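Data first, discussion second: the structure below is written as structure tokens.
The values are calculated or read from the model by the stated rules, or taken from the named source; none is laboratory data. On a predicted model such as this, the values are computed, not experimentally measured, just so you know. In this analysis, Cβ positions are derived from the backbone assuming ideal geometry, glycine residues included, and neighbour counts consider all displayed protein chains. Side chains included, ligands, DNA and RNA excluded: accessible areas come from the protein's heavy atoms. Shrake-Rupley method; radii C 1.70, N 1.55, O 1.52, S 1.80 Å.
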Amino acid sequence: MKQYDAIILGAGATGLMAAMVAGQRGRQVLLIDHADQPGKKILISGGGRCNFTNLGTAPERFISANPHFAKSALARHTPRDFIDLVERHRIEWHEKTLGQLFCDGPARQIVAMLWDECSAAAVELWLGHPAEVERTGDAFSIRCGPRSATAPRLVLATGGPSIPKMGATGFAYDLARKFGLKLVEPRPALVPLTLAGEDLLFRELSGVAAPVIASAAHGPPFREAALFTHRGLSGPAILQVSSYWRNGEEISIDFLPDAPADWLTRAKRADPRRPVRRLIEQQLAGRLAETLADRLAIDGPIGGLSDHALDLAERKLRGWRFRPNGSEGFAKAEITTGGIATGELSSKTMESRKVPGLHVIGEAVDVTGWLGGYNFQWAWASGAAAGAAI
Ligand SMILES: Cc1cc2nc3c(=O)[nH]c(=O)nc-3n(C[C@H](O)[C@H](O)[C@H](O)COP(=O)(O)OP(=O)(O)OC[C@H]3O[C@@H](n4cnc5c(N)ncnc54)[C@H](O)[C@@H]3O)c2cc1C
């Protein structure tokens, strides 16, 4: 059985980063993945261009039962650190919107960059077999297909269960349970929400997108696009809100993010003969304007409507309530919220308090970023924290 300083399970974003950092420190590292190649999720990320970080990275943009946990790792490996690495490898990038940095070329450049760094640091890679883990005294032994290995340090970097088609599994949670680590209930996040009942009527808007401000009951507002789909609601604003949404709760959508306050009553004073529907159409895309105006049951010249009715209509348009009946689940979720409880881990080294030598990083941990490169930044930062400690 071959001996290593550290074995890292999962050659995704965070496992590659941890292996690179530990390898560069002269550690003998074995990286294991059951997939046939490393970094498969990186390859499909950001529509194939990998939104690899966000310039607006700040602890408040991460969701966790302990909002302070991510601070230490995020402060020690910043977006600038990752940009420096990208630039050393001459990978061209651009800022798309809201601080989101994407590769100009294909995402495989990021995987190649990380793997080049790992192989220069003599990291060994085993692919194609799931691993079985045993604790033997102070060490961990791993069986992986026909091969086995042992190390005093084991890094759990196998991600969350989002998109099982890409090789995602609940392996990290199974291993956490085996070692007695607590979990925060894992839920699909950055995922489209589904509508039922009365809201099903919005299906007729399938394909319509609009700039909105969307919010869940216990989350911040997100000013981005929302998209109606044949199953419910999607688009960046809704994906963001889905990470905060809980079953049974409503979400609120402001369809008038750019309209001035008292827009309808002011329009009535300016020109009472104008049809109210024309005014709504000025603010909202055609089909959306029609559907919402039908729901509000307002029609005719605006002068024929009382200020009270206009005020009610405007308030409804600024806080339209939907009660999703669910989400499209782990099959469509970009990420998982919840996971291995942060209380189990050191925020500096990501090492388990109960099981010395076991580190947990990346999506497996109860830290979830907003949409827009934050989740990779967490993967790099937590991977670098563990890589510096193993
Ligand atoms: C479609 C899509 C697009 C995305 N785009 C972006 C984006 O542009 N920007 C962004 O910041 N985030 C994006 N994300 C989220 C991002 O991919 C994750 O946050 C990130 O990959 C998490 O890194 P990780 O290393 O923790 O997990 P992963 O990248 O999922 O890696 C886990 C690895 O563990 C392996 N594994 C699982 N189980 C086992 C096992 N039992 N044995 C051995 N190996 C195992 C898997 O094969 C995988 O290689 C996207 C996600 C999806 C699904």
Helices (runs of 4 or more DSSP H) wholly inside the range 1-88 that include at least 2 residues being open to solvent by 20 Å² or more (accessible area, probe 1.4 Å), under 19 Å from ALA172 (Cα atoms) and not β-branched (Val, Ile, Thr):
40-44
Does the range 341-360 include one or more residues that are aliphatic (A, V, I, L, M), within 26 Å of ALA217 (Cα to Cα) and either in a strand (DSSP E or B) or modelled with pLDDT of 95 or more (or both)?
yes
Residues located in the range 233-264, provided they are touching a helix residue (DSSP H, G or I) at 6+ places or on another chain (Cβ under 9 Å), buried (at least 20 other Cβ atoms within 10 Å of the Cβ) and part of a helix (DSSP H, G or I)
LEU264
Test set (1) crowded, with 20+ Cβ neighbours inside 10 Å; (2) more than 31 Å from the chain's Cα centre (by Cα) - GLN282 fails condition number
(1)
Only one of GLU204, GLU249, GLU224 is among the acidic types (Asp, Glu) and more than 17 Å from THR194 (Cα to Cα). Can you tell me which?
GLU224
Please state which of the following conditions ILE91 fails to meet, knowing it meets all the rest: (1) on the phi < 0 side of the Ramachandran plot; (2) part of a loop (DSSP other than H, G, I, E, B); (3) out of contact with any helix residue (DSSP H, G or I) (no Cβ under 8 Å at 6 or more places or on another chain).
(3)
Quick check: is even one residue across the range 337-346 within 30 Å of GLU198 (Cβ to Cβ) and open to solvent by less than 60 Å² (accessible area, probe 1.4 Å)?
yes
Of (1) near the ligand (Cβ under 10 Å from one of its atoms); (2) open to solvent by 20 Å² or more (accessible area, probe 1.4 Å); (3) in contact (Cβ under 8 Å) with a residue 24 or more places away in the chain; (4) not in a loop (DSSP other than H, G, I, E, B), VAL184 fails just (1)
Could you say which residue among SER215, SER206, SER234, SER242 is out of contact with any Leu (no Cβ under 7 Å at 6 or more places or on another chain), of a type in the set (Ser, Thr, Tyr) and within 22 Å of ASN375 (Cα to Cα)?
SER215
What number goes with the only condition from (1) surrounded by fewer than 17 Cβ atoms within 10 Å (Cβ to Cβ); (2) in contact (Cβ under 8 Å) with a residue 24 or more places away in the chain that THR97 does not pass?
(2)
Going through the range 265-279 in order, the residues found to be within 13 Å of ILE298 (Cβ to Cβ) and either open to solvent by 60 Å² or more (accessible area, probe 1.4 Å) or touching a Phe, Trp or Tyr at 6+ places or on another chain (Cβ under 7 Å) (or both) are ARG274, ARG278
Which count do you get for residues in the range 131-146 that are surrounded by 15 or more Cβ atoms within 10 Å (Cβ to Cβ) and out of contact with any Pro (no Cβ under 7 Å at 6 or more places or on another chain)?
7
Report the residue count in the range 100-124 for those that are surrounded by fewer than 19 Cβ atoms within 10 Å (Cβ to Cβ) and either at positive phi or within 12 Å of the ligand (Cβ to nearest atom) (or both).
1
Residue pairs, Cβ under 6 Å, 6 or more apart or interchain, first in the range 68-87 and more than 12 Å from PHE52 (Cα to Cα), second at pLDDT 95 or above and open to solvent by 60 Å² or more (accessible area, probe 1.4 Å). List them.
SER72/LYS348
I need the strands (runs of 3 or more DSSP E) fully contained in the range 119-176, keeping only those with at least 1 residues that are more than 19 Å from ILE361 (Cβ to Cβ) and at pLDDT 95 or above.
124-127, 131-136, 139-144, 147-151
Whichever residue in the range 160-181 is within 13 Å of the ligand (Cβ to nearest atom), of a type in the set (Gly, Ala, Ser) and touching a residue at least 24 places away in the same chain (Cβ under 8 Å) and, among such residues, is most open to solvent (accessible area, probe 1.4 Å):
GLY167
